[in-house]
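Scroll down for the structure; my scribbles are underneath it.
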Amino acid sequence: MAEPAIEKKNNVQAKPILKWAGGKTQMLGDLLPKVPASYGRYIEPFIGGGAMFFALNPKDAVIADSNPELINMYNQVADHVDEVISYLQKYENTQEMFYRVRALEWQDLPAAEAAARTIYLNKTCFNGLYRVNRKGQFNVPFGKYKSPNFCDVEALHAASEILKKANIVCGDYLFVLKEYARPGDFVFLDPPYLPISEYADFKRYTKEQFYEEDHVELAKEVARLQEMGCHVILTNSNHPLVHELYKPFHIEVIQTKRYISCSGNSRKGEDVIVTAFPKRKTIKLVPEPLPEQVLKYPATRFMGSKSKMLSEIWSVASQFQFETVVDLFSGSGIVGYMFKTQGKTVVSNDYMAMSATFAKAMIENNKTTLTAEEAEKLLVPQKESDHFVADTFSGLYYTDDENDLIDTLRMNIASIKDPYKHAIAMTALIRACTKKRPRGIFTYTGERYNDGRKDLKKSLEQQFLEAVQAVNKAVFDNGKANKAKHGDAIELKAGEPDLVYIDPPYYSPLSDNEYVRRYHFVEGLARDWKGVEIQQNTLTKKFKSYPTPFSTRKGAADAFDLLFKKFKDSILIVSYSSNSLPTQDEMVTLMAKYKEHVEVIPIDYKYSFGNQNNAKTHRNSVQEYLFVGY
């Protein structure tokens, strides 16, 4: 996305560093209002003088041209501006020096000197043109200007600061667009103009010609970019073929001046600005079968898990083109895992240590497993126990023998050096403790909700070994460098992901969303109770819940606003419930501040168990919303 202010150095506004026949400085007043308010990467494959690029000062850009001399100049100004300046300071505005420098082959010079030669010739030759003979030698005559400023030190430094942030590529425009353009990017196209003429040779700083068939190919590329979801602006002359090629898009004719012709009468002209912005999607909810690998993720009764909504979430997400995903509040980890099975690069984050552990074991981990022999060894005391669980939670959740086994496991797991084996073992211990607990939660003590189900009859040892096997089966390699993060969603550093899935704690005045209160024991296992203070006065020996903005209506609204702003350049998919606040309309309003299109997809959903005080069965049936911003 464009930054609000143009980069300055010593109070000098950055601007094009070359004179440019057909440059867009004079058209900026018409072009800039058409630039999308937000976008991903800025891409300009016919960079020329770069008037639009310097005016926008994008934080993430790809600028390119097929002319290696031009690209060398930009690279050298970006990386070695002081060397370029030192060479420029040796030049003089004389006809003798001009022709002596013009006779040099730029490929034979040091890169910085070649860049200085390019700038010098451009500023001192006739009208800043670029023309070569059949041998590829520059042959534009001396311009006879009184005092051309070919060594503007402050301007070069200001330009260097902007160029340093860009990826500068030498390549054909088709290669550049296919290699770098992604949904949501802004592409500015300023190709050699029609009609094919001498002017077209000068239009692009290159010795290559751009024929009518190239314009036909370019129009097809614009259609492809729009279909992909890019924002495209293209300039050309007001020529019949331009109108024919771009009739599916919006075309505006504007008056311009030409600076090529010696005749003042022929300097007036008409240009067109073509805009091709992404078409508004109509998102359809058509659930699709998921890869069988998804079924290998160990089932969980984790509060708010979206395991029953995976098909719907994928149905919505699959209607966009994306490669990188952030699962911002991963919870059970199943959604991030689903995206992994679809071949996406996944960053899974949660403020709960246990959730981050799940993601480490089965999302970030692509290959490592824990053998049965290694798992069984963990059940045997390797050193003297600290008896922490046995002493702290005696008589609360498990038998004395089970507490002793938990202590043995946690101490042995702490000694595992391999981070993925450690995560697998800890995930298995958490899973075993949860499955041995009626309703899988720790808000009460004793056996109050023991319904005699099979899981409760299995030994903790058996539950642990079975959990290791289940986690091992979920490990697979999708060929991507996935990551598990443990931290605050608002502070997460995840680059600029293509898509962000947000499933935060739901705020409702009728229920609480305290995950720590429900899972404090297994969360404590994941953290080994480090950094938390157990509230000894409580019956359940819980520790204080983590601070979260989602515990109040205003806090939730403010948090959503911050998250939507943080990821405004990403596709947003947000899960939220009809019985939660902010309301549907409020959520749409918040998201619409940062996204051009917002759609709400309702999904009928039934929670597996009530989480409200005095919950009634009918209260568990709600509508789950997917808010989609793009």
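Any read-out appearing in this document is the output of simple, stated calculations on the displayed coordinates, not a laboratory observation. These numbers were taken from a predicted model, which means no experiment stands behind them. All Cβ positions, glycine included, derive from the backbone under ideal geometry; neighbour counts span all protein chains shown.
Taking label points 7 Å from Cα along the Cα-to-Cβ direction, residue 536 and residue 399 give a separation of 2.9 nm.
Across all C-alpha atoms in the stretch 292-629, the radius of gyration and Dmax reach 19.8, 61 Å. Farthest toward the positive end of the dipole of the chain, out of 429, 174, 38, is the Cα of 38, where the dipole comes from beta carbon charges about the Cα centre.
Sorted ascending by nearby beta carbons within 10 Å, beginning with the fewest, 429, 562 become 562, 429. I need to check one value: relative contact order of the stretch 8-276, counting alpha carbon pairs closer than 8 Å and at least 6 residues apart, in percent. Reported relative contact order: 23 percent.
Ordering 478, 379, 582 by the projection of their Cα atoms onto the charge dipole of the stretch 292-629, which places +1 on the Cβ of Lys and Arg and -1 on the Cβ of Asp and Glu, puts 582 at the extreme positive end. Shape class for the stretch 8-276, computed from the alpha carbon gyration tensor (a ≥ b ≥ c): prolate, with a/c not under 1.5 and a/b above b/c. Does the stretch 104-144 classify as rounded, prolate or oblate by the C-alpha gyration tensor (a ≥ b ≥ c root eigenvalues; a/c under 1.5 gives rounded; else a/b over b/c gives prolate, otherwise oblate)? Verdict is oblate for the stretch 104-144. Antiparallel beta bridges, as assigned by DSSP with both residues in the stretch 292-629, represent about 55 percent of the total such bridges. List the GluC sites (Glu not before Pro) within the stretch 422-493 that DSSP assigns to loop and that have no more than 11 neighbouring Cβ atoms inside 10 Å. For GluC sites (Glu not before Pro) across the stretch 422-493 that sit outside H, G, I, E and B with at most 11 neighbouring Cβ atoms in 10 Å, the list reads 447, 491. Report note on the peptides 163-169, 422-428: ranked by the mean count of other C-beta atoms within 10 Å, highest first, their order is 422-428, 163-169. Antiparallel beta bridges, as assigned by DSSP with both residues in the stretch 8-276, represent about 55 percent of the total such bridges. Put a plus charge on the Cβ of each Lys and Arg, a minus charge on the Cβ of each Asp and Glu, and nothing anywhere else: the dipole of the stretch 8-276 about its Cα centre is then about 720 debye. The 3J(HN,Hα) values that the Karplus relation (6.51, -1.76, 1.60; θ = phi - 60°) gives for the stretch 127-134 are, in residue order, 6, x, 7, 9, 9, 10, 7, 5 Hz. Gly and Pro appear as x.
Each peptide among 547-558, 176-187 gets the average number of other Cβ atoms lying within 10 Å of its residues, and from highest to lowest they stand as 176-187, 547-558.
Scalar couplings 3J(HN,Hα) for the stretch 353-370, obtained by applying the Karplus form with A = 6.51, B = -1.76, C = 1.60 to θ = phi - 60°, are 5, 5, 5, 5, 5, 4, 5, 4, 6, 10, 10, 5, 6, 9, 9, 6, 10, 10 Hz; x denotes Gly and Pro. Could you list which residues have their amide H under 5 Å from that of residue 568, counting only those 5 or more apart in sequence or on another chain, with H placed in the peptide plane? Correct list: empty.
Only Cα pairs under 8 Å and 6+ residues apart enter the sum, and on that basis the relative contact order of the chain stands at 11 percent.
Given their separation in residues at 0.36 nm each and the Cα-Cα distance between them, residue 593 and residue 179 gain 146.0 nm when the chain is fully extended. Exposure proxy for 175, 564: other Cβ atoms within 10 Å of each Cβ, ordered fewest to most, give 175, 564. The listed peptides 431-441, 311-321, ordered by packing as a protection proxy, come out as 431-441, 311-321 (highest mean of other Cβ atoms within 10 Å first). Computed from point charges on the beta carbon alone (+1 for Lys and Arg, -1 for Asp and Glu), the dipole magnitude for the chain about its Cα centre is near 800 Debye.
With a simple spin-label model that places each label point 7 Å from the Cα along the Cα-to-Cβ direction, the separation between residue 544 and residue 86 comes to 5.9 nm.
Contact order, relative form, for the stretch 351-471: 32 percent (alpha carbon pairs under 8 Å, 6 or more residues apart, mean separation divided by residue count). Annotation for the stretch 493-544 versus the stretch 432-447: alpha-carbon center distance of 16 Å. Overall shape: oblate for the stretch 345-421, with the ratio a/c of the largest to smallest alpha carbon gyration tensor axis at 1.5 or above and b/c at least equal to a/b. Note on the stretch 292-629: dipole from Cβ charges, positive end direction compared against 342, 315, 564; the farthest Cα belongs to 315.
Cross-link check: pairs 257/565; 344/565; 24/593 evaluated at a Cα-Cα cut-off of 29 Å; pairs beyond the cut-off: 257/565; 24/593. For 418, 214, 391, the sequence from fewest to most other C-beta atoms within 10 Å is 391, 418, 214.
For the stretch 292-629, the Cβ-based charge dipole about the Cα centre amounts to some 360 debye (Lys, Arg positive; Asp, Glu negative; other atoms uncharged). Our helix-only sum for the chain, with -39,500 (n - 2.57) per DSSP H run of n ≥ 4 divided by its residues, gives a mean residue ellipticity at 222 nm of -10000 deg cm²/dmol.
Between residue 257 and residue 443, the simple label model (points 7 Å from Cα in the Cβ direction) yields a spacing of 7.4 nm. DSSP beta bridges fully contained in the chain are about 55 percent antiparallel. Rounded to 0.05, the FRET efficiency of the residue 133 and residue 279 pair, given R0 = 60 Å and the Cβ-Cβ distance, is 0.85.
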